[in-house]
Amino acid sequence: TGDMGVYLDGELFITGRIKDLVIIDGRNHYPQDIEATAAEASDAVRAGFVAAFSVSAGELPAAAGGTGTGSGERLVIVAERAPGAGKAEPGPVVEAIRAAVSRRHAVPIADVRLVAAGAIPRTTSGKLARRACRAEYLAGILGHRHPTD
């Protein structure tokens, strides 16, 4: 099914999905853990509206330091701004996220994007759609919503 779980005291607990795992330098990271850390890093981040995913080094956009070459996976975090934080200077928010993720997960971030509320794609049930967010990020259209969306 793609679900991962653990048995504890005879009960099965679902812990995540294999397809959503972020694998950086051979280490597995649950995106939910990284997303929670990013959301807690700054009041300017909308809690529960952060997407963490990996992209191959060769796919990383030039704006994020990508050169179109390289190997391995790189971490990208997309975070929606919290209400009232639309005019907050992005630099300190991005640095707070980088520092918190580095400290708690020991993984470098290739790119942090702060986007407006509602910019991260969602499923029909309202959950964040990580894979769709990744696709929009790679296509360079993340945050470009049409009024009918």
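The values are calculated or read from the model by the stated rules, or taken from the named source; none is laboratory data. Quick caveat: nothing in here was measured; it's all calculated off a predicted structure. Backbone-built Cβ (ideal geometry, glycine too); neighbour counts: all protein chains shown. Heads up: the accessible areas ignore ligands, DNA and RNA and are worked out on the full protein's heavy atoms, side chains in. Shrake-Rupley method; radii C 1.70, N 1.55, O 1.52, S 1.80 Å.
Coupling constants for the range 41-52 follow from the phi torsions by the Karplus curve (6.51 cos²θ - 1.76 cosθ + 1.60, θ = phi - 60°), and in residue order they are 5, 8, 5, 7, 9, 6, 4, x, 10, 10, 10, 10 Hz; glycine and proline get x. Between the listed residues TYR7, GLY91, ILE34, the Cα displaced farthest toward the positive end of the dipole of the chain, a dipole computed from Cβ unit charges relative to the Cα centre, is found at GLY91. Relative contact order, whole percent, for the chain stands at 19, derived from Cα pairs under 8 Å and 6 or more residues apart.
Could you list log10 I(q)/I(0) for the chain at q = 0.09, 0.14, 0.21 Å⁻¹, which the Debye formula gives when each Cα is one point scatterer? Values, matching the q order: -0.29, -0.69, -1.45. Over the range 58-149, with every protein chain in place, what whole percent of the accessible area is carbon and sulfur at 1.4 Å, could you tell me? It is 55 percent, rounded to a whole number. The heavy atoms of ILE141 offer some 80 square angstrom of accessible surface to a 1.4 angstrom probe.
In debye, nearest 20: dipole of the chain around its Cα centre with unit charges on the Cβ of K, R (+) and D, E (-)? Please report the intermediate quantities before stating the final value.
Working: 17 positive and 17 negative charges, 62 e Å.
Approximately 300 debye in magnitude.
For the range 7-88, the pair-distance distribution built from all alpha carbon pairs, in bins 5 Å wide starting at 0, is 3, 14, 18, 17, 18, 14, 9, 4, 2, 1, 0 percent.
For the pair ILE141 and ASP25, the difference between a 0.36 nm per residue extended length and the Cα-Cα distance amounts to 39.0 nm.
For the chain, modelled as a GNM whose springs connect Cα atoms under 10 angstrom apart, the maximal fluctuation among ALA79, ALA38, ALA139 occurs at ALA139.
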